[in-house]
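The structure under discussion appears below in the form of structure tokens.
Every number here is computed from the coordinates shown, using simple stated rules; none is lab data. Since we're looking at a predicted model, the values are computed, not measured. Positions of Cβ are backbone-derived with ideal geometry, glycine not excepted, and every protein chain shown enters the neighbour counts.
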Amino acid sequence: MKGATTVAEGSPTVRRRELGALLRKLRKDKDLTVDQVTAYLECSASKISRIETGQRGATPRDVRDLCDLYGVTDQAERERLVGLAREGKQQGWWQSYDLPFATPMYVGLEAEAVRIKDYDSAVIPGLLQSADYLRALHDDPLPEPTDRELTPELVERRVEARLIRQQLLTRRHPPPLEFSAIMDEAALHRLIGGPAVMGAQLKRVVEAMQLPNVTVQVIPYSIGPHPALNSTFNILEFSGAAPHLVYSEGLAGFIFMEREEDVERYNDVFRHLSDIALTPDQSADLMIRLAEAYANALRATG
């Protein structure tokens, strides 16, 4: 990596969601509708909705006005809400890396999650990918959303950003991210980058599994169909006021879901996948055997 960027505590994305959740609760506690709030502030309903969902930041002036409307008189609480608004306006380290699609928003959420449950049906989970594996994934990428060219320099910037994100698993303060990953066995066989890259990648996953905060399981082919066969999703959990959420993406776009019933449904599916998957030790044994098979294939062609 060129610089010395490291994962730092705090995320403006999460600060906006935390502030939005608190403001939404204050509004509901006062039994006010969004329309009543917009009439008081003389602004659009979409502005209040986007503030409450964390899709846009609120200014300190917005927060003070809302505190007046909601009857928040405790000075310490007002200052806390204003502080969240200021922190939500800051720049995250990832915003200079020209990341694709919904990645910047997701990275902002990932940066302050205390636990992530990741299911992947076709590739190795991003937080466990090696640099060479990630480079190989760019050999046939999704079309860029603009006319910009996916240059080697841009690929390297994105690789650098991914390696910075992986520091979440090994940081000391705050405590490292609790990461539980489940992969379909297909992810271990899909030849991305060739045998050498795949062998090194599987060894990289097994090494990461030695961390006490990392759990990896593989759903073997022998299981047959299962509820998430055609899905990819992440469940992100937070310690503050920001609600837990599910992130899912595909060719049609990306979805962030934070309704309690949606999050619980995906948690139920993840628990089921964990039950039918190989144990972590069995999964590690499978990956070690496949890594040896890739090494043998490499020697045979060399």
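Here are a few things to note about the model shown:
- Residue of Y40, Y97, Y266 that the Gaussian network model of the chain assigns the largest fluctuation, springs spanning Cα pairs under 10 Å: Y40
- At 1.567 mPa s and 4 °C, Stokes D of region 12-88 from Kirkwood alpha-carbon radius, µm² per second: 108
- Placing one equal scatterer on every Cα of the chain and applying the Debye formula, the log10 ratio I(q)/I(0) at q = 0.06, 0.09 Å⁻¹ is -0.24, -0.52.
- When the Cα positions of L32, Q55, A76 are compared along the charge dipole of region 12-88, Q55 comes out farthest toward the positive end, with charges on each C-beta of Lys, Arg, Asp and Glu.
- Amide H partners (placed H, <5 Å) of T215, local residues excluded: F179, S180, A181
- Cα-based helix-to-principal-axis angle, 60-70 vs the chain, degrees rounded to 10: 60
- Going from the fewest other Cβ atoms within 10 Å to the most, the residues R115, R135 appear in the order R115, R135.
- Span from the region 9-79 Cα centroid across to the region 233-288 one, whole angstrom: 29
- Order of T33, T215 - criterion: other Cβ atoms within 10 Å of each residue's Cβ, fewest first: T33, T215
- Highest-fluctuation residue, E112, E260, E237 considered, GNM on the chain with Cα pairs under 10 Å: E260
- Candidates G88, G193, G71: whichever shows maximal mean-square fluctuation once the chain is modelled as a Gaussian network with Cα springs under 10 Å: G71
- DSSP beta bridge pairing in the chain, given as percent antiparallel to the nearest 5: 55
- Secondary-structure-derived ellipticity at 222 nm for the chain, considering helices only, amounts to -15000 deg cm²/dmol, per-run term -39500 (n - 2.57) for DSSP H runs with n ≥ 4.
- Between helix 75-88 and the chain there is an angle of about 40 degrees, using the helix long axis and the longest principal axis of the Cα atoms.
- A cut-off under 13 angstrom between Cβ atoms defines the neighbours of I182, and their net charge, with Lys, Arg +1 and Asp, Glu -1, is -3.
- Against the chain, whose longest principal axis comes from its Cα atoms, helix 280-301 is set at around 50 degrees.
- Spatially close lysines, pair count over the chain: Cα under 22 Å, gap of eight or more or interchain: 6
- Only Lys, Arg (+1) and Asp, Glu (-1) charged, at Cβ; the chain dipole about Cα centre in debye: 620
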